[in-house]
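The values are calculated or read from the model by the stated rules, or taken from the named source; none is laboratory data. Just so it is clear, the structure is predicted and the values come from calculations on it, not from any experiment. Positions of Cβ are backbone-derived with ideal geometry, glycine not excepted, and every protein chain shown enters the neighbour counts. The area values use the complete protein model at the heavy-atom level, side chains included, leaving out ligands, DNA and RNA. Shrake-Rupley method; radii C 1.70, N 1.55, O 1.52, S 1.80 Å.
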Amino acid sequence: MAGAIIENMSTRKLCIVGGILLVFQVIAFLVGGLIAPSPTTAVPYTSVKCIDVRKNHHKTKWLMPWGPNHCKKLKDFDEAVSRQIEANDIVFAVHIPLPSKEMSPWFQFMLFIMQLDIAFKMDNDLKENAEITLDVSLAYRDDMFNDWEEIAHAIEIRKLKCTFGSPKTVESEGRHYDCDFLPFMEIGSVAHKYYLINIRLPVNDRKGINVGIGEIKDIRLVGIHQNGGFTKVWFAMKTFLTPSILIIMVWYWRRITLMTRAPVLLEKVIFALGISMTFINIPVEWFSIGFDWTWMLLFGDIRQGIFYAMLLSFWIIFCGEHMMDQNERNRLSGYWKQVGPIAVGSFCLFIFDMCERGVQLKNPFYSIWTTEVGTELAMAFIIVAGICLCLYFLFLCFMVFQVFRNISGKQSSLPAMSKARRLHYEGLIFRFKFLMLITLACAAMTVIFFIVSQVTEGHWKWGEVTIQVNSAFFTGIYGMWNLYVFALMFLYAPSHKNYGEDQSNGDLGVNSGEELQLTTTITHVDGPTEVYKLARKEAQE
């Protein structure tokens, strides 16, 4: 009767813990779905064609598309031909944002893609594999009457990938090509109120610059930035989750240090996973509101990379520590075959990110995909990282298969074991099955919500309630992995209770061989883990 009561109490505790985590998970999704707006906004811009015939001795090299000091404009290129204005004297000007609006540091970043309106003309056809050369400049100011300050200037080359759906005849002149979008600019902070982009298309027949690119009618840009409302919700979540994970991490490590033995490898990896999660959570983005930190996008990629590398390493080591054989695996060197691909793949992705966003710190117009060498280099890094990821999952699947095979073998022999050894193996089996269940649930939710966010229109409307699906995906998945790490440290922390000698060896009839086996895992004489207690194993004692 007493055993049944204790068993019910342990089951109730496990249900309570699971229920609390489920409530927080639902709240994380609802925060993004009901409170936060859409994560990003896309704003279309059409450039204004300005005349810069006095560019060599102009008072300022910046040409404004509108406002009190706007440039002299061209309606179209036919007007330029009639007025004998050369292509080198035309500047495409784009002001960011649109009139009567201001940019804000809460927007966090700006990403621009370019679309060219190219018309077909018999005597100025678009050549195959044509390249367009852009002379681009970016400036800022924080007052409508201040002078523009230059941020960056560069000469960039973009490959044109266009198709023409009609026969190239005289009757088709004037119809536009269907061209792919081109990467234009990415900047990792929005520290100023106004930005100005000036684009020139220099023509040099002798050097073949901008020759054979067709008749360009217009240059259009699409600017994408993070919504300020979503940024505030995101910062609030980070600010709330940081102390939560930090507190459970300190509590977890204190439990380990109170024991008489040194921490085992699995405990160290769980603690390192908590550190990497805390590294992501620390809301250093608050400083980006007051400082022009253009490196925040790169820093965010590095933080995520560290967390994913630790998460993948944890899954491998967790499987190895539950293999239930006689091999010694309490050393990281014992997993070099499985962890090696993680390290190589992470390094390749880091180098790729440095070649892209690292260079963009100096030149926001740079893109590694715009040259053949850059494209081949980028593809090489991505392919190597992909191969490493495939090798990792092969190793992981093989280890999971081995664990389940060993589990089936041990379960058939459990009744014949001594009580201590049977409890030991039952704890291992439960821990492994429990973590595999919640890991698969987290991975499935991540994939499902990602697919839903891609195939839907971005929001669902139920009556008067609008749910932002994309925002719910970001906040929900972010909260889910925080809860995953929180649950790991809570459920796999060693018990703080003191278990007497009668429970550790004497009364259970443990021989020397069984004592050695018990000390190779978390559950041994220093007390079981929280998940072991909640799994009703103590009730069986």
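Overview of values
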quantity	calculated
Subset of the stretch 371-403 that is β-branched (Val, Ile, Thr) and over 15 Å from Val344 (Cα atoms) - its residue that is surrounded by the most Cβ atoms within 10 Å (Cβ to Cβ)	Val403
All positions within the stretch 270-300 that are under 18 Å from the mean Cα position of the chain (by Cα), closer than 25 Å to Leu440 by Cβ and open to solvent by 40 Å² or more (accessible area, probe 1.4 Å)	Ile275
Unique residue being touching a residue at least 12 places away in the same chain (Cβ under 8 Å), in a strand (DSSP E or B), touching a helix residue (DSSP H, G or I) at 6+ places or on another chain (Cβ under 7 Å) and crowded, with 16+ Cβ neighbours inside 10 Å when the list is Glu267, Glu186	Glu186
Every residue from the stretch 318-376 that is aromatic (Phe, Trp, Tyr) and at pLDDT 90 or above	Phe347, Phe350, Phe352, Phe365, Tyr366
Selection count where residues are under 17 Å from Ile317 (Cβ atoms) and more than 34 Å from the chain's Cα centre (by Cα), scope the stretch 252-269	1
Residues of the stretch 404-418 classified as over 16 Å from Phe430 (Cβ atoms), open to solvent by less than 90 Å² (accessible area, probe 1.4 Å) and of a type outside the set (S, T, N, Q), total	1
Residue in the stretch 431-443 that is assigned to a helix (DSSP H, G or I), surrounded by 13 or more Cβ atoms within 10 Å (Cβ to Cβ), of a type in the set (Phe, Trp, Tyr) and at pLDDT 75 or above present	yes
Pairs with Cβ under 6 Å, 6+ apart, first in the stretch 250-263 and assigned by the TED database to the domain that holds Met489, second open to solvent by 30 Å² or more (accessible area, probe 1.4 Å) and in a helix (DSSP H, G or I)	Trp253/Phe271
Qualifying positions in the stretch 150-173 - without any contact (Cβ under 8 Å) to a residue 60 or more places away in the chain and open to solvent by 50 Å² or more (accessible area, probe 1.4 Å)	Glu150, His153, Ile155, Lys161, Thr163, Gly165, Pro167, Lys168, Thr169, Val170, Glu171, Glu173
Candidates Arg357, Arg303, filtered to the one that is open to solvent by less than 40 Å² (accessible area, probe 1.4 Å) and not in a loop (DSSP other than H, G, I, E, B)	Arg303
Qualifying position, being out of contact with any Cys (no Cβ under 8 Å at 6 or more places or on another chain), part of a helix (DSSP H, G or I) and within 20 Å of Ala378 (Cα to Cα), among Phe318, Phe365, Phe314, Phe350	Phe350
Residues located in the stretch 308-317, provided they are closer than 15 Å to Thr439 by Cβ and within 17 Å of the chain's Cα centre (by Cα)	Tyr308, Met310, Leu311, Leu312
Check on Arg255, under 27 Å from Thr439 (Cβ atoms) and either modelled with pLDDT under 90 or touching a His at 6+ places or on another chain (Cβ under 7 Å) (or both)	yes
Test result for Thr239, in contact (Cβ under 8 Å) with a residue 24 or more places away in the chain, surrounded by fewer than 18 Cβ atoms within 10 Å (Cβ to Cβ), out of contact with any Cys (no Cβ under 6 Å at 6 or more places or on another chain) and in a helix (DSSP H, G or I)	yes
